[in-house]
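The structure appears right after this line, and notes come after that.
The values are calculated or read from the model by the stated rules, or taken from the named source; none is laboratory data. Note that the structure is predicted; figures quoted are calculated from it, not measured. With ideal geometry, Cβ positions are generated from the backbone for all residues, glycine too; neighbour counts draw on all protein chains shown.
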Amino acid sequence: MPRWLPRALMLTMWVVTAFGIALWLFLQLQSIIVLLLISLFLALALEPAVNWLHQRRWPRGPATGTVMTLVLLSVLAFLSLLGSMLIGQVLAFADELPGMTRAALNWVNTTFDTSFSPTNLIEEVSSASGLVEQYATSIANNVWGAGTTVLAMLFNGLTIALFTFYLCADGPRFRRVTCSVLPPRTQREVLRAWEIAIAKTGGYLYSRALMALVCTVAHYLVLVVLDIPFAFALALWVGVLSQFIPTIGTYIGGAVPVLVALLQGPWQAVWVLAFVIVYQQFENYLLQPRITARTLDMHPAVAFGSVLAGMAIMGAPGALLALPIGASLQAFLSIYIRRYEVEEHPLLDSGGGVERVEAGFEEEGGPSPDGDGDGDAGPRTPPGGPAPEGPPPGG
């Protein structure tokens, strides 16, 4: 047996054992790792505001607590307004459901020459509602499971808040400890990457928050003019979902005001739908490029793909972390990847490229880069020979 074989077998055994222990620890600590990742990106998003207060002689601890309190109050206000709107609309829909049912049955009987009875339909709806009530009662009886879920969510929320506070308030100390175990060149690269993550993640989220505010105000004014109930809650719903859920958030956010307006009348729903479409075009082509010019703009397809990838990897927390992670990665790629000047080509022209290629084919001699059929890319020779050398007319 060769002398190196026992050593190789021992090394392989230690590597496999270490990998198994690391995998077991990762699976056991997966929930804590997810909470730490959420806290890290929340700290990156809050640090620009904390730094702004710290530059105005605020201590980092009170500055971090103030920013986190404002964010928490905003989230609670959004959820309370959304809950009140949902309860109110459900009660209003329940009150108008009998009249809407009778009107729909009259239209069906008149149009299709049928004889559906409202009484039979109400009995079927009542039997279905009885099943729903039984299901709700069985859920309500499981108080222990619901209480455990609420306690787990509360514990996770407090854990995220605690980690976020310390990562943001003690950010300079944490970075100093991290860099103390790295060589000087690596320290510079780590601090540069950290600075990029803070600037781009915070800037991306703040730009989205600003666009959500503008979207909320615009939709609120329109809903008030159209006399739609729960105008502020609906406008806030549209503003938040359209900015923080990429691509499909616009349609989800705009569908709810249209459905609520439909209860008031078809024309109100048409006007709301028209405004949602017009405002989306205004935001995409005028508002968003100006607001995101100094932060970071993500293509809608990239943002949507990031959310799908995050959801596939880590579920709901991954979907929440996808946008800041995607924004940071896009910033890293834009800085660290070397770019070259692109050669001119008709396929790279956004307009008129195909027409110029077809024009080149029509010239005598076949296609060429300049369309004259001689195969070169220089200027075409005018009829009558080349132009005489010398200074241009007039000196």
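Return the total of residues in region 328-351 being in a helix (DSSP H, G or I) and over 30 Å from Leu44 (Cα atoms).
Within region 328-351, the subset in a helix (DSSP H, G or I) is 328-336, 346-348.
Keeping just the survivors that are over 30 Å from Leu44 (Cα atoms) gives 346-348.
Selection size over region 328-351: 3.
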Subject >> Matching entry among Ala309, Ala293 (being part of a helix (DSSP H, G or I) and either at pLDDT 75 or above or exposed (fewer than 15 other Cβ atoms within 10 Å of the Cβ) (or both)) >> reply: Ala309
Original post:
Does Phe93 count as within 37 Å of the chain's Cα centre (by Cα), modelled with pLDDT under 65, surrounded by 12 or more Cβ atoms within 10 Å (Cβ to Cβ) and aromatic (Phe, Trp, Tyr)?
Top reply: yes
**OP:** Please state which one of Leu70, Leu82 is among the aliphatic types (A, V, I, L, M) and either modelled with pLDDT of 75 or more or outside any helix (DSSP H, G or I) (or both).
**Re:** Leu70
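How many residues are touching a residue at least 60 places away in the same chain (Cβ under 8 Å) and not aromatic (Phe, Trp, Tyr) when one looks only at region 218-269? Step through it out loud before you land on a result.
Of the residues in region 218-269, the ones touching a residue at least 60 places away in the same chain (Cβ under 8 Å) are 218-219, 229-230, 232-234, 236-237, 240, 244-246, 260, 263.
Now restrict to residues that are not aromatic (Phe, Trp, Tyr): 218-219, 229, 233-234, 236, 240, 245-246, 260, 263.
Number satisfying all stated conditions: 11.
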Original post:
Give me the pairs: first residue in region 180-191 and within 18 Å of Leu333 (Cα to Cα), second residue among the charged types (D, E, K, R) and surrounded by 13 or more Cβ atoms within 10 Å (Cβ to Cβ), beta-carbon distance under 9 Å, and six or more apart or on different chains, which are they?
Top reply: Val190/Arg175; Leu191/Arg175
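Considering only residues of region 183-228 that are of a type in the set (D, E, K, R) and surrounded by fewer than 18 Cβ atoms within 10 Å (Cβ to Cβ), which is farthest from the chain's Cα centre (by Cα)? Talk me through it step by step, then tell me what you get.
Just the residues of region 183-228 that are of a type in the set (D, E, K, R), to begin with: 185, 188-189, 192, 195, 200, 208, 227.
Those left that are additionally surrounded by fewer than 18 Cβ atoms within 10 Å (Cβ to Cβ): 185, 188-189, 192, 195, 227.
Values: Arg185: 35, Arg188: 31, Glu189: 28, Arg192: 25, Glu195: 22, Asp227: 31 Å.
Going through the qualifying residues, I end up with Arg185.
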Original post:
Only one of (1) of a type in the set (Gly, Ala, Ser); (2) at pLDDT below 80; (3) surrounded by 15 or more Cβ atoms within 10 Å (Cβ to Cβ) is not met by Gly315, so which one is it?
Top reply: (3)
